[in-house]
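Down below is the structure, laid out as structure tokens.
The values are calculated or read from the model by the stated rules, or taken from the named source; none is laboratory data. Keep in mind it's a predicted model, so treat the numbers as computed, not measured. In this analysis, Cβ positions are derived from the backbone assuming ideal geometry, glycine residues included, and neighbour counts consider all displayed protein chains. To get the accessible areas, we keep the full protein, side chains included, count just its heavy atoms, and leave off ligands, DNA and RNA. Shrake-Rupley method; radii C 1.70, N 1.55, O 1.52, S 1.80 Å.
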Amino acid sequence: ENAFRSQHEKKQILRASSVIIDETVSIVTKRAFAFPIYTGSEVITRVFAGLDVVDLQLRKKTKGILVAPYTTVPRSTLVEAIRALNKLTPRSSMNIDDSTSKWAQRRAHIAFSLLRRLISGIGVRQPLRNGISISKQFMIAERDFCSVLRAFVEVDNMDMAHKIMALQERTVDAPDLSSVPYSILIKAYGRLGDASNVQRVWRRTTLAIEPDVIMCNSAIDAFVNCGKLNLAEDIFSAMMKPDLNSMERPSNKLPSPNTRTFNTMLKGYAKAASWEKASKLYKTIEEKGLNWDHITTNTLVSAAVSSGSFDTAESILANHTYTIDAQVDGVQKHYHSRKKHPNVEAYTELLDGYAKAGMLNKALNTLKLMRERDVQPNVYTYSSLIGALARSDKILQAKKMLEFMEYTDHISPNVITYNAFLTGMLTRPEIKKISHNSAAMMDLTVSMETREEEAFHLLSKMTNSGIRPNAVTVASLVEFLSIHCSPSRINVARDLVATLDKAYKGHKYMHDKRVATIFIKAYSISADLDSATIVFSDIHNPDVVALNAYLDACCQCDKIKLAMENFNQICALETRRIAPDVVTYSVIISSLLEYKDNLRAASKVRELYLEMKNVEGILPDTGLVDLILTAMITGGRIGVDKADIKFTLDILRDAESLEWPSGYLERRQKIVRGVILGRVSEVWKLKEDHYGMNSKLEDPLFKKKGWNTVDSGFRLWGGGNNEVSETYKPSRRSKTDEFLESKGWNDMDSGFRLL
């Protein structure tokens, strides 16, 4: 009896302690998953502490400590955990962890594991009544599926994103797929610039469900982000004509557009710098009397500025600057929010446009205009103006503007502000042009020594303010020291990067691809290929820009074979690490073209060019085409066989599809034709015996007519590279042959063209 009582008491104690522990866990998790309480790293720490407590309660080891049903977690707790994870953003984690991508991936997989628990029911506690679980059917809300879906698309894990949608489709206790998850997927592919998948998801969606205006707007925005403005216009046109059916689904009509639809299309025209189309849409908005919001104003101004229509942008702001009506002491007044005016972006865009166009006075007047209209400038407004002043060598004025921003307007500068100042001061075009011209350096308004001194002063002010330099900051300093300074101060640049690496542990600037690329370029200039190779090999996840810089370094150091080996190893389809671009091929081809008499090099140029077009699907640009044409004109190795002629024609045909300065391509075509024709003539002369055209043989017809091989005036292939024979120099009046004159042919229109 005592043993039974003891066992019974033990169970009661275990049950009581389980209730207390469960109540404690409930208090902790509610606090951990509540929003908003804290910001930044505190939020992340709090949420993950709550997840650790949930994990602790679900562990098998707790079964000896906790009794059922307290070895499970309430369904509501898991739902709150998923939603708390969804509210965390990768940007928040940057305060405590530099590995943002890894953190975001971890967040996505944790959310997925919680969702699977909800679906399977394992470890999930049903509601209790008198301590006993009640069996009840629960639907999993679509917002929770979408939370996990967003977590995966934010880390570009599109395979898992599709799995989440398939999971919702197959789960009995889940609602049918609506337009929301499809919109999330379309937006994700748009952000990735994957137009083909945007189109595929859009077509599938229009077949599966009735598209709403939100999903249509998402598709338009995705196509705009992919640079496929024509596809965005197709959807927009279908929405503007509700009487017409959608092309993708003849039985389905698209909804009428709303203000966001128009704003999204305006954004597309702004990106394409197509003010003509934007202005037509602007008139449509006014004609239809649609709601005009601050986003419409901001987007229209952006479109006008992108196309250089600054006067139009000013007119839009004059007529559509956002105002708030208010009654103050019974008097109707207008005032603006001084915290964040809705149109501050538009004014900043206009100011930045003036600054980049070199119209500094106009930019300053825009700032004055903002104050007159009570539009409070923000950190980006001042950053644009400070950068413009620095680019104009007005270093003192830029420093004063920085002080005014901080101490008068009480706007704290950020890393963008300091970067605008540094890049404007250190990498302006004039410095790049005179980097290795000591005489020209004397003509600078601000000396190189002063720039260096001011740059280090800014860096010190920046770090003392608690602002950590980013890759742009370090890259601009490294570029100035190692490339633009003469002689190069690359050792100083390396010491600076080492000091920053030590100051900010966990962040290796030397391994950053942007910074490393600058070092590779600097070592290329000094012909130090070994150091360039070490830097390239130390980059974490190098991109195509870094690869191009390294391949160029190999070529500059006459190591074309090493460049080809790296190109084949890194860019080969079977073992691809980096996808090449047109610059990659240009670097290799330009180096091969220097081997003028090397038949294998000429053959390799043709092979690489065709591979670029036909295998990689990369279109040539004007730089590459002109590079090849220049090599032809200046005596590059061009044969006269069928392959050479075909390659030449391919290049000229590709050139016609590109945009060139007026008359430039026509001049190039004329010269190239002349070069080829001249070389054909040379080959013919060298092989006269082979063709039975030995000049020593006298033609009977020539002898009868009195024509000799010198002064007959006939040219079979044209004049080559605009060269005139030394033995044939007709006078100004005798440019036409009597025979040609008798036939009505003059020297202008009787010319024959082989190509």
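So the values come out like this:
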{"quantity": "Yes/no for Pro127 being at pLDDT below 90, touching a strand residue (DSSP E or B) at 6+ places or on another chain (Cβ under 6 Å) and not charged (D, E, K, R)", "calculated": "no"}
{"quantity": "Members of region 453-484 that are part of a helix (DSSP H, G or I), among the charged types (D, E, K, R) and surrounded by fewer than 19 Cβ atoms within 10 Å (Cβ to Cβ)", "calculated": "Glu453, Lys461"}
{"quantity": "Of the criteria (1) open to solvent by 30 Å² or more (accessible area, probe 1.4 Å); (2) at pLDDT below 90, which one Val583 fails", "calculated": "(2)"}
{"quantity": "Tally of residues being closer than 20 Å to Tyr354 by Cβ and either open to solvent by 10 Å² or more (accessible area, probe 1.4 Å) or of a type in the set (A, V, I, L, M, F, W, C) (or both) across region 280-320", "calculated": "23"}
{"quantity": "Close pairs from region 196-211: first over 14 Å from Ala222 (Cα atoms) and hydrophobic (A, V, I, L, M, F, W, C), partner part of a helix (DSSP H, G or I) and open to solvent by less than 30 Å² (accessible area, probe 1.4 Å), Cβ under 7 Å, at least 6 apart", "calculated": "Ile209/Ser179"}
{"quantity": "Whichever residue in region 490-512 is basic (Lys, Arg) and either under 20 Å from Ala546 (Cα atoms) or touching a residue at least 12 places away in the same chain (Cβ under 8 Å) (or both) and, among such residues, is most open to solvent (accessible area, probe 1.4 Å)", "calculated": "Lys508"}
{"quantity": "Count of residues meeting criterion [in contact (Cβ under 8 Å) with a residue 40 or more places away in the chain and farther than 10 Å from Gln105 by Cα] in region 152-166", "calculated": "2"}
{"quantity": "Any hit, region 161-182, residues being over 30 Å from Ser76 (Cβ atoms), in a loop (DSSP other than H, G, I, E, B) and open to solvent by 20 Å² or more (accessible area, probe 1.4 Å)", "calculated": "no"}
{"quantity": "All positions within region 511-554 that are closer than 16 Å to Ser482 by Cβ, among the hydroxyl-bearing types (Ser, Thr, Tyr) and part of a helix (DSSP H, G or I)", "calculated": "Thr517, Tyr523, Ser524, Ser531, Tyr550"}
